[in-house]
Each structure stands twice: as C-alpha cells, then as structure tokens.
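Participant: Here's a structure for you.
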Amino acid sequence: MTSIRVVVADDQELVRAGFGMILDAQPDIEVVAEACDGAEAVEAVRTHNPDVLLLDVRMPVMDGLEAARRVCGEFPATKVIMLTTFDIDDYVFDALYAGASGFLLKDVRRDDLAHGVRMVASGEALLAPSVTKRLIGEFAARRPGSRERAVRPPSKLLEQLTLREQETLRLIARGLSNAEIAAELVVSEHTVKTHVSNVLSKLGLRDRVHAVVFAYEAGAVVAGES
C-alpha cells in the first residue's frame, strides 16, 4: 500500500512535532518533512513532492497564505490543509482563493487529523462540521467586489449542469462524502464520483471545497441551510 506523503509546517515546535508523531504513527501516512515557516514549507514541497501539506496560517518569513498560493500554483498535485486556531480566521477566506483544499482547527482530535489527511489526499474536501458551515457561509456573505469573478455569472454556469449534477453540487455543499451522497440519491458510489467529476470539470473548479464556495455564491444553497 502506498503511503500518503505529508509535510507539516508550523512555527510552534510542539504543534509541529505533535502532529508529525500522530501522523507518522498511522500505517498509511508518512511525514516526509517538517517546516517552521512558509518559505521552508514551499522548499519542502519542492524537495519532497508530498501528497498533502499541513500549513499553519500565521508563520514568520512567509505566512501560510503566501505559501499556499505558491504551492497551489506551482505544485497542483499537492493538496493544502490550512491549520488555524480560531473557528473563523480572515486569512482562511483568502486561502480559499489561494487554492487550499481543507481546514483544520489546531485542537483537532488525533483521529480527525489522520482522517482529514486521508480525505484530502483522496480528493475529498475537508469540511469539518465544527468550522465549515460558519466558514463557508461567512465567506459567501462577504463576496468582496474586488475579487476576481468568472466571466459569466454563476447562475449561468449552473445551467451547464444536469439536474442530477446540480443536486450533487448541493449535497457536496452540505459536506456529504461520496458514500453519503450515494445513499441520499440511491445510486452507486461510482455514479456519484462521475457526477462530482462532471461538476468540477464543467464549472472549472479545483476541487470539492471550491465547489462548496461556488454553490453558496451561485445561490444553489443558502448559508445556514441544513
């Protein structure tokens, strides 16, 4: 079985070492490097080509946002999980635009940490219940006018999706996994994977977490909706 290769970047040595020990203890996860600032994180990704980068938002030399932007731009195969202390962190909103694929609070339980790494490595969005609805809802509500927008309005983009694909998008936005979506739609998990792939491709989205953002911005779902 191929291990999930991970780089852990945090300026707090105890956090960095603790996360590293937890992940290295997993049979399917290997921590290939640690970094104490954003610049080291980018260099570690360049050197080790990991599957996942755990990246603290606030770090010296180069902050996590700039590091995420560089990693997502230069190494699209590496998924970035942002680490944050607070439920809502202004930097995390910008990290969405930088290409981050997931978010974790630093007080995450060890089982949830390993599960989160596995989810993101497999292409799922890391949408922890403790942070996602508030985070995405707040993000969608802000929608600064200065942000880069799609050429066509999101509502027009939605029209490219079939009804089943639109339904899949709404379920993605609720944070459901492929298995949960399959159960909801009473279809096979393979069919769901096809729908998800079509949604991302037609909308030109990087991954599932950006599908969630799109769904809120396009009005396919409403913040606070269950």
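The values are calculated or read from the model by the stated rules, or taken from the named source; none is laboratory data. Since the model is a prediction, treat every value here as computed from it, not as a measurement. Cβ placement follows ideal geometry from the backbone for every residue including glycine, while neighbour counts extend to all protein chains displayed. For the accessible areas, the whole protein counts, side chains as well, though only heavy atoms, and no ligand, DNA or RNA atoms are used. Shrake-Rupley method; radii C 1.70, N 1.55, O 1.52, S 1.80 Å.
Participant: Is the shape of segment 16-116 rounded, prolate or oblate, going by the alpha carbon gyration tensor and its root eigenvalues a ≥ b ≥ c, with a/c under 1.5 for rounded and a/b larger than b/c for prolate?
Facilitator: Because a/c hits 1.5 or more and a/b fails to exceed b/c, segment 16-116 counts as oblate.
Participant: Here is a further query. Rounded to the nearest 0.05, what FRET efficiency do Arg46 and Glu189 have when you use their Cβ-Cβ distance and R0 = 35 Å?
Facilitator: FRET efficiency, Arg46 to Glu189: 0.50.
Participant: Nearest 0.05, what FRET efficiency do Glu74 and Asp24 give at R0 = 41 Å with Cβ-Cβ as r?
Facilitator: 0.95
Participant: Is there a pair in Lys106/Lys202; Lys79/Lys156; Lys79/Lys106 whose C-alpha atoms are over 23 Å apart, and which pairs would that be?
Facilitator: Pairs exceeding 23 Å: Lys106/Lys202; Lys79/Lys156.
Participant: Of Tyr216, Tyr97, which has the most accessible area and how do the rest follow, probe 1.4 Å?
Facilitator: Numbers: Tyr216 25, Tyr97 95 Å².
Listed by decreasing accessible area, they come as Tyr97, Tyr216.
Participant: While we're looking at this one, here's another question. Residue separation times 0.36 nm, minus the C-alpha to C-alpha distance between Glu180 and Tyr97: what's the value?
Facilitator: Full-extension gain reported as 27.2 nm.
Participant: Another question about this same structure. Working out 0.36 nm times the residue gap between Ser3 and Ser197, then minus their Cα-Cα distance, what length gain in nm do you get to one decimal? Intermediate results must be reported in sequence, preceding the final value.
Facilitator: Values: separation 194, 0.36 × 194 = 69.84 nm, distance 2.41 nm.
This chain segment gains 67.4 nm when fully extended.
Participant: Further, regarding this structure: What does the accessible area of Ile4 come to, in Å² to the nearest 10, when a probe of 1.4 Å is used?
Facilitator: We get 30 Å² for Ile4.
Participant: Let me ask something additional. What accessible area, in Å² to the nearest ten, does a 1.4 Å probe give for Glu167?
Facilitator: 70
Participant: At 1.4 Å probe size, put His48, His210 in order of accessible surface, largest to smallest.
Facilitator: Order by accessible area, largest first: His48, His210.
Participant: How long is the gain from Asp112 to Gln160 if the chain were fully straight, where each residue apart is worth 0.36 nm and the alpha carbon distance is subtracted?
Facilitator: Going from the current span to full extension adds 13.7 nm.
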